[in-house]
1. Would you call Ala37 at pLDDT below 90 and touching a helix residue (DSSP H, G or I) at 6+ places or on another chain (Cβ under 9 Å)?
2. List every residue pair whose Cβ atoms lie under 7 Å apart, where the two residues are 6 or more positions apart in sequence or sit on different chains, the first residue falls within segment 116-131 and is under 26 Å from Leu43 (Cα atoms), and the second residue, located anywhere, is acidic (Asp, Glu).
3. Among the residues of segment 49-70, which ones are loosely packed, with under 14 Cβ neighbours inside 10 Å and either of a type outside the set (A, V, I, L, M) or within 15 Å of the chain's Cα centre (by Cα) (or both)?
4. If the Cβ limit is 8 Å and pairs must be 6+ apart or interchain, which residue in segment 27-54 that is within 30 Å of Gly105 (Cβ to Cβ) pairs with which residue that is charged (D, E, K, R) and part of a helix (DSSP H, G or I)?
5. Scan segment 1-26 for residues that are modelled with pLDDT of 75 or more and touching a strand residue (DSSP E or B) at 6+ places or on another chain (Cβ under 8 Å) and jot them down.
6. Of (1) within 24 Å of Val23 (Cβ to Cβ); (2) modelled with pLDDT of 90 or more; (3) touching a helix residue (DSSP H, G or I) at 6+ places or on another chain (Cβ under 9 Å), Leu90 satisfies all except one. Which?
7. Here are some residues: Ile138, Ile144. Which one is out of contact with any Lys or Arg (no Cβ under 7 Å at 6 or more places or on another chain), farther than 30 Å from Ser71 by Cβ and either of a type in the set (Asp, Glu) or in a loop (DSSP other than H, G, I, E, B) (or both)?
8. Within segment 60-74, which residues are farther than 19 Å from Asp93 by Cα and either touching a His at 6+ places or on another chain (Cβ under 8 Å) or at pLDDT below 85 (or both)?
Amino acid sequence: MTSSALEPSKPLDALGPVDYLVVEFPAGASNFTGEMATELLALVDAGTIRVIDVLILTKNEDGSIDAMELSDIEELGELQAIEAELAELLAADDVVHLANCMEPGSTAGVLIWENLWAAPFASAARRSGGQLIANGRIPIQAIIASIEADEALATEGV
């Protein structure tokens, strides 16, 4: 990722952790009702996150990739409110890397955001001489599977 594209409106040492996610929609399976945009804007309006970049990737049947920035889309609807604040953070190599995990014929949304809720803690850690050396996510599917396994064990034990 190219850090030079990110020009935050606050000092770099005040930034919160930056995350990304890729949501893939198999060919013919997308149902864009606007619900995702509404939820994203609610997070922005609440001051929970700051959207840094949004990309739409299409992986064609031949494996070629088309990438569009949010600004390339004519009808943004509710997302128009955040479009002007976006930085083009991802380099061409990043796009190719992200698209490698996509299925041919699918479309994916890539979202990069700053966790504003964590910025004060992250800044305090840096001022104290600390640095983030690892982070991660537990996939919700793994949590659901673990809960279901525990419930199955509890049911069998009764």
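The values are calculated or read from the model by the stated rules, or taken from the named source; none is laboratory data. Being a predicted model, the structure only gives us computed values, none of them experimental. Cβ sites come from the backbone with ideal geometry, for glycine too, and all protein chains shown count toward neighbours.
1. Values: at pLDDT below 90: yes; touching a helix residue (DSSP H, G or I) at 6+ places or on another chain (Cβ under 9 Å): yes.
Yes, satisfied.
2. Ser123/Asp13; Arg126/Asp13
3. From segment 49-70, those loosely packed, with under 14 Cβ neighbours inside 10 Å are 60-64, 66, 68; that's our starting set.
Hits for segment 49-70 are Asn60, Glu61, Asp62, Gly63, Ser64, Asp66.
4. Within 8 Å, the pairs are Gly34/Glu78; Ala37/Glu78; Thr38/Glu78; Leu41/Glu78.
5. Step one: of segment 1-26, the residues modelled with pLDDT of 75 or more are 14-26.
Leu15, Gly16, Pro17, Val18, Asp19, Tyr20, Leu21, Val22, Val23, Glu24, Phe25, listed by residue number.
6. If we test Leu90 against (1) within 24 Å of Val23 (Cβ to Cβ); (2) modelled with pLDDT of 90 or more; (3) touching a helix residue (DSSP H, G or I) at 6+ places or on another chain (Cβ under 9 Å), just (2) comes out false.
7. Details: Ile144 fails: either of a type in the set (Asp, Glu) or in a loop (DSSP other than H, G, I, E, B) (or both).
Of Ile138, Ile144, the one residue that is out of contact with any Lys or Arg (no Cβ under 7 Å at 6 or more places or on another chain), farther than 30 Å from Ser71 by Cβ and either of a type in the set (Asp, Glu) or in a loop (DSSP other than H, G, I, E, B) (or both) is Ile138.
8. Start the filter on segment 60-74 by keeping residues that are farther than 19 Å from Asp93 by Cα, which leaves 61, 71-74.
Those that are farther than 19 Å from Asp93 by Cα and either touching a His at 6+ places or on another chain (Cβ under 8 Å) or at pLDDT below 85 (or both): Ser71, Asp72, Ile73, Glu74.
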